[in-house]
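Before I ask anything, let me first share the structure, which is written out below as structure tokens.
Values quoted throughout were computed directly from the atomic coordinates according to the rules given, and no laboratory measurement underlies them. Fair warning: this is a prediction, and the values are worked out from it, not measured in the lab. Here Cβ is always computed from backbone atoms with ideal geometry, including for glycine, and neighbour counts include all displayed protein chains.
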Amino acid sequence: MIVGHTVESGGLTRNFIFSFHMPLFFMLSGYTTRLAKDLMECRKHLRKNALHLIGPCLCIGVLSILAQWLKGGNLSLDAFWQITRTTADAYYWVSGVSLPKHPAAGAVWFLFSLFWAKTCMDAISLCFSKKEVALSFWLLACWGFYWAGEENGCHKMQMSRWWQSSSSIWEWFGKSMQKFLIDMSWAFF
């Protein structure tokens, strides 16, 4: 991860690392995820994930707003609200890089995506039978890929929403890998 973000952009090493590092991360996250067994446990997961994933994003946002405002030299209320609106826009679009007319949220994009991927994992596993779960994740990923496309030169939806829906399938792959390896280990005994 560190090498991928520090080597030359567009270089072979960076392109190689970027070709797999986020899907691999979401697969490993899915592998270590414990799915909710009922609605009560789902609510606990939602609260915990909001606190541990969204909470830091909001703290970083507030600190970022204050730092930019104080560093900017213009301590007017208008300047403060402009920085706040720009940060809120960045958090709404939740992209690690700037998009046309939208600022970058930076590294926090990933925490939002992880929050939604984990939430989708729990919701889908509770709403569908085991046979329907795989199909549900594939449909969610296809929906994300469709909506990430461009129409008349504009993205149909925010890139983060695409990542959130496609990251869910990587989480599901990780969870499936966990079940497969556990089943295989019992087969040897």
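Let me check against my output: what whole-number percent is the relative contact order of the range 1-114, with C-alpha pairs under 8 Å and at least 6 apart?
Rounded, it is 16 percent for the range 1-114.
Here is a follow-up. On a C-alpha basis, how far is the centre of the range 166-180 from the centre of the range 33-66 in Å? Whole number, if you could?
So the separation of the two Cα centres works out to 20 Å.
A further question follows. Along the Cα→Cβ direction, 7 angstrom out, place labels at Lys131 and Gln82. What is the inter-label distance in nm?
Inter-label distance under the simple model: 6.1 nm.
Taking θ = phi - 60°, what integer Hz values does the Karplus form 6.51 cos²θ - 1.76 cosθ + 1.60 yield along the range 175-183, in sequence order, with x for Gly and Pro?
In residue order, the calculated couplings are 5, 5, 5, 4, 4, 4, 5, 5, 4 Hz.
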